[in-house]
Amino acid sequence: MARYSPPLLRRFFSCAASSASPAGGSGAGKKNLVFLGSPQVAASVLDTLLAVSGSPDAGFQVAAVVTQPPAAKNRGRKLTPSAVAQLALDRGFPEELIFTPERAREESFLLDLKEVKPDVCITAAYGNILPQKFLDIPLRGTVNIHPSLLPLYRGAAPVQRALQDGVAETGVSLAYTVRALDAGPVIACGKFSVDEYIKAPELLAILFDIGSKLLINELPSILDGSAKEKAQPQDDSKATLAPKLNSEESWLSFDREAKELHNKVLELQLPGKKVMTARDFWNGLRGQKLLKSP
């Protein structure tokens, strides 16, 4: 198994990016795409990009991958690469072209990125704020796959907040990244109808799958610059925010409306018990009553 590089970036010569063809082609004449992402839903996007870029007539190659540093997990606290890094390694992507900066503003990282000469950067749940110095590097800009219909649900938890609000429809947007939070012009979007039983992880996977297809469809126009001309500015007056969930929000108050509680939880877990569905919980009461906390 390939050895994963430590969080500190390693310097490399600019010829490394041009000589590497991770997707299997020579790379001659292809535009350089740099992918940034971290969790499993982002790994699925990278997998799609690597597969498509392997075609001889593909107009791009994945020149580098940027992801979060390895994190200590499980009881052994062993450093484990992100899902995106692991996917890249499993696909035979050059280890020296997998960058894991602690912060995207690190000068050494920005120097490495410049040497790759990216035509475009694609982000999908990367989990790191991109400074202007980063945004100035790719020739055709940076495009983000955001799992909401922008300008709705800008922020870190768009899917969770949408489900919490009980929306009947959501979607995914391809938008240019600007310094303001998820506020860049929208290139394209795809809609998805939400039923009342879907859970956030499942919906996230669906939306990023839709986002992957949107991205592949729009990449030619992104790479030739015409996407910027057709991208639509967002109406900031209609923007809503989707901040990260906090631990206090996991508590339920049973004096709230039933619909509000349903939207907040599809599953629940009593202290010392396994996770169960609402139906199993109800059946398990067997005539017992819930006592309100003092």
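Gain in length, Arg75 to Met276, computed as 0.36 nm per residue apart minus the alpha-carbon separation, to one decimal in nm?
Taking Arg75 through Met276 to full extension adds about 69.9 nm, to one decimal.
For Arg75, Arg161, write out the residues from largest to smallest accessible area, computed with a 1.4 angstrom probe and no ligands counted.
So, going from the largest accessible area down, we get Arg75, Arg161.
At 1.4 Å probe radius, can you tell me the per residue accessible area of the stretch 31-242 in Å²?
44
Can you compute the radius of gyration and Dmax for the stretch 31-242, using only the Cα atoms, both in Å?
For the stretch 31-242, the Cα radius of gyration and maximum Cα-Cα distance read 16.7, 51 Å.
Can you tell me the length gained on complete extension of the stretch Lys213 to Leu245, counting 0.36 nm per residue apart and subtracting the Cα distance?
8.7 nm
Can you tell me the length gained on complete extension of the stretch Asp47 to Ala205, counting 0.36 nm per residue apart and subtracting the Cα distance?
The span from Asp47 to Ala205 would gain 55.5 nm if fully extended.
Please label the shape of the stretch 47-143 as rounded, prolate or oblate, based on the square roots a ≥ b ≥ c of the eigenvalues of the alpha-carbon gyration tensor (a/c under 1.5 means rounded; beyond that, a/b larger than b/c means prolate, else oblate).
Because a/c hits 1.5 or more and a/b fails to exceed b/c, the stretch 47-143 counts as oblate.
Can you pull the accessible area of Glu169 for me, 1.4 Å probe, Å² to the nearest 10?
For Glu169, solvent-accessible area is about 90 Å².
Place a label point 7 angstrom from the Cα of Glu169 along the Cα-to-Cβ direction, then list the residues of the stretch 183-216 whose backbone nitrogen is under 11 Å away.
Within reach of a label on Glu169: 191-194.
The values are calculated or read from the model by the stated rules, or taken from the named source; none is laboratory data. Keep in mind that this is a model prediction, so the values were computed, not measured. Every residue, glycine as well, gets a Cβ built from its backbone with ideal geometry; the counts of neighbours run over all protein chains shown. Keep in mind that these areas ignore ligands, DNA and RNA; they rest on the heavy atoms of the full protein, side chains included. Shrake-Rupley method; radii C 1.70, N 1.55, O 1.52, S 1.80 Å.
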